[in-house]
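The next block holds one structure in the form of structure tokens; read it before the comments.
Laboratory data are not the source of any read-out in this text; all were calculated from the coordinates shown. For clarity, every value in this text was computed on a predicted model and none was experimentally measured. Note: ideal-geometry Cβ built from the backbone for every residue, glycine included; neighbour counts use all protein chains shown.
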Amino acid sequence: MNNHGGLTLSAVTGSRTYQVVAYDTAEVRETLSMAAAGSTVRVWLEPLGSRGDAWEAVDIAGGVEIPRTEPVALDRRLTH
């Protein structure tokens, strides 16, 4: 989410992006603002007809799936 509250969401297939500029509730906005890039979120969107290709996030189902990363032991040196 940018400083103005705008958010770009991509379809899981990667075939479409959505410019979210409005949120139905503060809870929806807060949840999406905490999602990291690469997270998976099931979001219900409604088009904002007066704003071109802009969308309102209406609801979120099931929370946010954060991509899993392998844990790294902090006491060993990383090499690449």
Query raised in the report: If we count other beta carbons within 10 Å of each Cβ, what is the order of Leu45, Leu7, fewest first?
Result: Leu45, Leu7
Report task. Place a +1 charge on the Cβ of each Lys and Arg in the stretch 7-65 and a -1 charge on the Cβ of each Asp and Glu, then give the dipole magnitude about the Cα centre in debye, rounded to the nearest 20. Result -> 200 debye
Query raised in the report: On full extension of the chain, what length is gained from Arg16 through Asp59, given 0.36 nm per residue of separation minus the C-alpha to C-alpha distance?
Result: 13.6 nm
Query raised in the report: Expressed in nm to one decimal, what extension gain is obtained for the pair Leu9 and Leu48 from 0.36 nm per residue of sequence separation less their Cα-Cα distance?
Result: 12.5 nm
Report summary line: For Val58, the net charge from surrounding residues (Cβ-Cβ under 13 Å; K, R +1; D, E -1) works out to -3
Query raised in the report: Fewest to most neighbouring Cβ within 10 Å: what's the order for Arg16, Arg42?
Result: Arg16, Arg42
